[in-house]
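The values are calculated or read from the model by the stated rules, or taken from the named source; none is laboratory data. These figures come from a predicted structure and were not determined experimentally. Note that we place each Cβ from the backbone using ideal geometry, even for glycine, and neighbour counts take in every protein chain shown.
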Amino acid sequence: MFAYIVRRLFAVIVMLLVVTLVTFFIFFTIPKLTGADPAAMYVGKQADPETIEGIRQKLGLSDPVLVQFWHFVSGIFAGRDYTGGGTVDHCPAPCFGYSFRTEQAVWPILTDRLPPTLALAGGACVIWLLLGVTAGVVSALKRGTKIDRGAMMTALAGVSLPIYFTALLLLALFKYKLGWTSSEYVDFADDPAGWFGGLILPWVALAFLYAAMYARLTRATMMEVLGEDYIRTARAKGLTERMVIGKHAMRSTMTPIATILGMDLGALVGSAILTESAFNLPGLGQAAVTAINNRDLPIILGVVLIAATAVVVANLVVDLLYAVIDPRVRLS
Amino acid sequence: MTAPLPETSATGTATVVADAEIPVPGTTIEGRSPWRIAWTRLKRDKLALAGGIVVLLLVLVAIFAPLIVDLFGHPPNEYHEDQIDPLFGTPKGSWGGINGDFLFGVEPVNGRDVFSRVVYGARVSLLVAFLSAVVAVLIGTVLGIIAGYFGGWVDTVVSRVMDALLAFPQLLFIIALISVVPNELWGLTGSGVRMAVLIAVIGFFGWPYVGRIVRGQTLSLREREYVEAARSLGAGRTYILFRELLPNLVAPITVYATLMIPTNVLTEAALSFLGAGVKPPTSSWGQMLSKAVNTYEGDPMFMVIPGLAIFVTVLAFNLFGDGVRDALDPKGSR
């Protein structure tokens, strides 16, 4: 087990380095190929050549890409000093550089933006699990009935609705027509009720999409499990239906769901962009969209890295949990 | 609760087909190819057929967009300020200005014909979705089959690349990438560049999903007797890969490709919604929705119509794709 964890951790680190390198390479070389100058982007178009040259020296933008990459990666772990123009700016670890636009350090900007994204993902996850798994199990047990068809048609509609469309419909109805919620994000510490009120529509919109996917997955898995021999055995030895479904069938059904859940939660850190921009939530995704419109490369790089880390770490956690949940998995 | 029935497809078509298998006295039994059987099954699946018909209609609308707009609409970039209430910038009349002349109403502020813009939007949406699926299937199939058949370090490299690509925050990455792509590329300009880049990037991030499936299937197929037979008869690698293995992979690839198109439609719309899609004045559904964000309080129809266009398209492809999957499922009774 220990060796397995170490090997997986090593793979995770390599993967993250590759993702960083590729992202770094693309976002620092494509602008160069197309004639845009990162140093000029940093100080603005009106700056005189001398200032631009100074910034280039200070940020090390004329170094080879691999050298820049090394400075960037070591900055994350050990902090980094920017020397130039007679001053030294220390950027403490984890250093992701400075925003091209606001000249603030990237890391604090990102950590400020993390809570809304986590709150969005966490709250929606609770709703979609309850709704999706229940609908899926009921559908599988009542296969072919009106309940099953109704639930599955709803689920199909759910996966076919673009989230930003659901979001706009919810906003049009509950915010503007009925006036039930304000849908403005406030910090939990400032106003818990307002926090809840601001997040309820985003939760519902996001949860509807995922509940639909989980209902389809749960139904398919449950039906497959119900056809297994050990379910017949459980029935044959006289267990109550409640025991057969609740204990024996549910356990196997939940294994793939746990896998998908881990991966989805990891991916959500990066893919909540749409929900965040539709509801104007000040999360990581929104920070990324703003940064992309401003061509603020350091922030883009930071968000991509955080999101990739979330995916890779979530996958690792799922794999490890898998070994615990499912005794058939052998760690070879 | 009764004991579960053996394999029944979601819509219960399998049982119907099973009944049809019983030979009627006086008729001869004829052999049917798997594709024929799948077609018979698909024809009985009403929802899938309905989806298929809608898909076909959408494709026709996309192809004949100029003709349709000529007959029923106004040029997509023609301003109709006379249709707009000068005080609020919203369309005159109720329901977003829908009337006999403007079938889907007009856009707020400038009064462009929503019908024409939706019709032209279908072109962008379907073209990007289809072609990016083609790109994904091509790369995914070739690399998946190679990784699965050769194994060893080839497999390790391809699998690791797939893992790394799947770990990328795709949407984020695509938007960022599109924002740094220049306006002129490969001799294309404006919307052409954006479309080409969208197709390439969506396809590129889609191939690992196809690759994983193809690799897995190839791993099990390469041990089959017919492959061994071909090898012992002296068939070359290329022959085995593309003449022996590929035909047996067509079914899973078809299923995946059909289900990939609606995802691509959603991705394209999402990118346009975030401002990384085709550039105005070329119209796309996601772009219309993102414009509607500012106006839907006063004019909800301009938000509802492109939203419904995306929804209907994706739903139709999903229904059709689910039907194709059930029809091609070898577990279903033939």
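For B:Thr295, the conditions (1) assigned to a loop (DSSP other than H, G, I, E, B); (2) free of Cβ contacts under 8 Å to residues at least 24 places away in the same chain are fulfilled apart from (2).
Within segment B:206-264, being among the β-branched types (Val, Ile, Thr) and not in a helix (DSSP H, G or I) holds for no residue.
Considered as a group, the residues in segment A:89-100 that are surrounded by fewer than 20 Cβ atoms within 10 Å (Cβ to Cβ) and hydrophobic (A, V, I, L, M, F, W, C) include one that is farthest from A:Ala249 (Cα to Cα), and that residue is A:Cys91. Of all the residues in segment A:249-294, those that are within 11 Å of chain B (Cβ to nearest Cβ) and hydrophobic (A, V, I, L, M, F, W, C) number 16.
For segment A:175-216, a residue qualifies if it is assigned to a helix (DSSP H, G or I), more than 14 Å from chain B (Cβ to nearest Cβ) and over 29 Å from A:Gly262 (Cβ atoms), and the qualifying residues are A:Ala193, A:Gly194, A:Gly197.
Entry remark, segment A:217-238: residues being surrounded by fewer than 16 Cβ atoms within 10 Å (Cβ to Cβ), of a type outside the set (Lys, Arg) and within 9 Å of chain B (Cβ to nearest Cβ) number 1 in total. Taking segment A:235-257 as the range and being out of contact with any helix residue (DSSP H, G or I) (no Cβ under 6 Å at 6 or more places or on another chain) and either hydrophobic (A, V, I, L, M, F, W, C) or within 22 Å of A:Tyr322 (Cα to Cα) (or both) as the test, the residues that pass are A:Ala236, A:Leu239, A:Met243, A:Ile245, A:Gly246, A:Lys247, A:Met250, A:Arg251, A:Met254, A:Ile257. The condition (being within 9 Å of another protein chain (Cβ to nearest Cβ) and either in a helix (DSSP H, G or I) or more than 17 Å from A:Ala11 (Cβ to Cβ) (or both)) is satisfied by just one residue among A:Ala323, A:Ala307: A:Ala307. For segment A:239-248, the criterion of being within 13 Å of chain B (Cβ to nearest Cβ), among the aliphatic types (A, V, I, L, M) and crowded, with 20+ Cβ neighbours inside 10 Å is satisfied by at least one residue. Determine, yes or no, whether B:Leu5 is among the aliphatic types (A, V, I, L, M), surrounded by 15 or more Cβ atoms within 10 Å (Cβ to Cβ), modelled with pLDDT under 70 and in a loop (DSSP other than H, G, I, E, B). When the stated conditions are applied, B:Leu5 does not pass them. Give the residues of segment A:101-143 that are surrounded by fewer than 14 Cβ atoms within 10 Å (Cβ to Cβ) and not in a helix (DSSP H, G or I), sorted by residue number. If the condition is that a residue be surrounded by fewer than 14 Cβ atoms within 10 Å (Cβ to Cβ) and not in a helix (DSSP H, G or I), then A:Thr102, A:Glu103, A:Gln104 are the ones that fit.
Residue-by-condition table, conditions (1) buried (at least 20 other Cβ atoms within 10 Å of the Cβ); (2) small (Gly, Ala, Ser); (3) more than 8 Å from chain B (Cβ to nearest Cβ); (4) closer than 13 Å to B:Leu308 by Cα:
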{"position": "A:Ile147", "(1), (2), (3), (4)": "no, no, yes, no"}
{"position": "A:Thr166", "(1), (2), (3), (4)": "yes, no, yes, yes"}
{"position": "A:Leu169", "(1), (2), (3), (4)": "no, no, no, yes"}
{"position": "A:Leu173", "(1), (2), (3), (4)": "no, no, yes, no"}
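How many of the residues in segment B:280-330 are over 19 Å from A:Ser160 (Cα atoms) and facing chain A (nearest Cβ under 10 Å)? Matching residues across segment B:280-330 total 6.
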